[in-house]
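Read through the structure below, which is laid out as structure tokens, and then see the notes.
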Amino acid sequence: MGKLLAVEVIYRGVFQKTLAKNITRGVVLAAHNEGKLGLSFGRYGDAPERNGIPAKSFAIVADDEQTLEAGMAQYEPKQVDVTVVLDDTLSKGTESWAWYGLQPVHHALKPGHTLIVLSLQDAPALLKSIHRRETPYKLGILKGVTNFSGMWVYKDDHTDVRVLGAIAKALPELVGLKAVEQFIAEKLKNELKVTSAVLAFDRFKTVEVKAGEGNPEDLPKFELLKWEDMRQGVSIKGQPQGGPYKNDVTREVGGFRPVRNELFKKYSTRTQRPVVNFKTCTKCTLCWLNCPDASFDVTPEGTYDANLEACCGCGICEDVCPVKDCITMVNESEFHDNKSQWEAFKKNQDAYLKWLEKTIKEAEPEEKRAHGFRYRGQYKEQVTEALEVAHKA
Ligand code: SF4
Ligand code: SF4
């Protein structure tokens, strides 16, 4: 048996689907230039077309047909030689594999191998989100703004070939730079893209991440039901209705909090989250009525608190709120917990409002994300801004 090498690309469902596919396909076609055989394929644990859902695309490459066939017998590679994360807010983990709970992004990465993250953040900032693990690995940051493209358009900002250049540097035994250049020149027929791949190769560096370094959060654990624990027949369990919101800080009881599925949290679907100014909220109910995921808890005083275990970060609440700057969507990388904002507000209003102002301000410019729901023309406006940010990086 020859050698089998695997790359996984973790991306956001729909928006980065084309980009992820182009990268894994590019790995395989470039490796063909070195006489290797390979296959690229997608893998979803949730509805494949859910906006923002973490999803994976794989490339497996082998020296010979028999080794490739053995690798193809697996539904998805259990261990990979390179992991690429296309959106740095996914550094907090992936959760499309709902029955596994939250998985760290380096879950399948072999010890000592390379995790590549597309980001404008530095390693210490990313390691606040990336979970610690028992074995060391290398972290490489490919500088760049998040590229959302896939459903309607392919936003061709060279992210695909830049990632290929970085992979060639991280794991030359999988595919070398010359083979990547040949693939781009012959198949994509774009000399500028060849230059981008070479530049990414030259600039790509990694830092060693030691065992135990990173986000110390303990991941939630879920017990899978065994078949003998399941109820007889085919049935879907109904959910109880929910009840009043209880504030542990102020001891207030009232409002309404729906019962939510304990086994499925949506925080890894988000690239941004709403922050709410409870002081200016007029209790108009529009955010609560329009939230597609019933994420708002009604507080005892009638304001609306986005429950961050349920919020998928779609931005609709910000869009429908009639009060200026009452709800603001902020880049998810600014946050390191999912605690209630209303409880923080009730604990210390002045401190909360200062935090709100600082958080919104500090999130610029990364918080600007074309996430599909904002307003018509936003995508076009952001291309110029995104290019300026990328040039500065
Ligand atoms: S961003 Fe707003 S509307 Fe969308 S799921 Fe979260 S709370 Fe609901
Ligand atoms: S839409 Fe805005 S003003 Fe209306 S309840 Fe929600 S946060 Fe308050």
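Residue check: ASP305 meets all listed conditions (1) modelled with pLDDT of 90 or more; (2) assigned to a loop (DSSP other than H, G, I, E, B); (3) surrounded by 14 or more Cβ atoms within 10 Å (Cβ to Cβ) but one, namely (2). Look at (1) near ligand 2 (Cβ under 10 Å from one of its atoms); (2) surrounded by fewer than 21 Cβ atoms within 10 Å (Cβ to Cβ); (3) part of a loop (DSSP other than H, G, I, E, B) and you find that LEU289 fails only one, number (3).
In the range 1-72, which strands (runs of 3 or more DSSP E) lie fully inside it and hold 3 or more residues that are open to solvent by less than 20 Å² (accessible area, probe 1.4 Å)? Of the strands (runs of 3 or more DSSP E) lying wholly inside the range 1-72, those with at least 3 residues that are open to solvent by less than 20 Å² (accessible area, probe 1.4 Å) span 4-12, 54-62. Those strands (runs of 3 or more DSSP E) of the range 166-282 in which at least 2 residues are open to solvent by 70 Å² or more (accessible area, probe 1.4 Å), considering only elements entirely within it, cover 243-246, 253-257.
The rows are residues; the columns are (1) among the acidic types (Asp, Glu); (2) more than 13 Å from ligand 2 (Cβ to nearest atom); (3) under 22 Å from the mean Cα position of the chain (by Cα); (4) open to solvent by less than 40 Å² (accessible area, probe 1.4 Å).
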{"position": "GLU301", "(1), (2), (3), (4)": "yes, no, no, no"}
{"position": "CYS314", "(1), (2), (3), (4)": "no, yes, yes, yes"}
{"position": "VAL323", "(1), (2), (3), (4)": "no, no, no, yes"}
{"position": "SER333", "(1), (2), (3), (4)": "no, yes, yes, yes"}
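Please work out which residue is farthest from ligand 2 (Cβ to nearest atom), limiting yourself to the range 256-286 and to residues that are among the aromatic types (Phe, Trp, Tyr) and modelled with pLDDT of 90 or more. Ranking the candidates gives PHE256 first.
Can you say whether GLU252 is in the same structural domain as GLY302 (by TED's automatic domain parsing) and either hydrophobic (A, V, I, L, M, F, W, C) or modelled with pLDDT under 90 (or both), as far as the supplied structure shows? Here the answer is yes, as GLU252 does meet what is asked. If you go through the range 278-312 and keep only what is among the hydrophobic types (A, V, I, L, M, F, W, C), near ligand 1 (Cβ under 10 Å from one of its atoms) and touching a residue at least 40 places away in the same chain (Cβ under 8 Å), you end up with CYS287, LEU308, ALA310, CYS311, CYS312.
The values are calculated or read from the model by the stated rules, or taken from the named source; none is laboratory data. Keep in mind the model is a prediction, meaning the values are calculated, not measured. Backbone-built Cβ (ideal geometry, glycine too); neighbour counts: all protein chains shown. Keep in mind that these areas ignore ligands, DNA and RNA; they rest on the heavy atoms of the full protein, side chains included. Shrake-Rupley method; radii C 1.70, N 1.55, O 1.52, S 1.80 Å.
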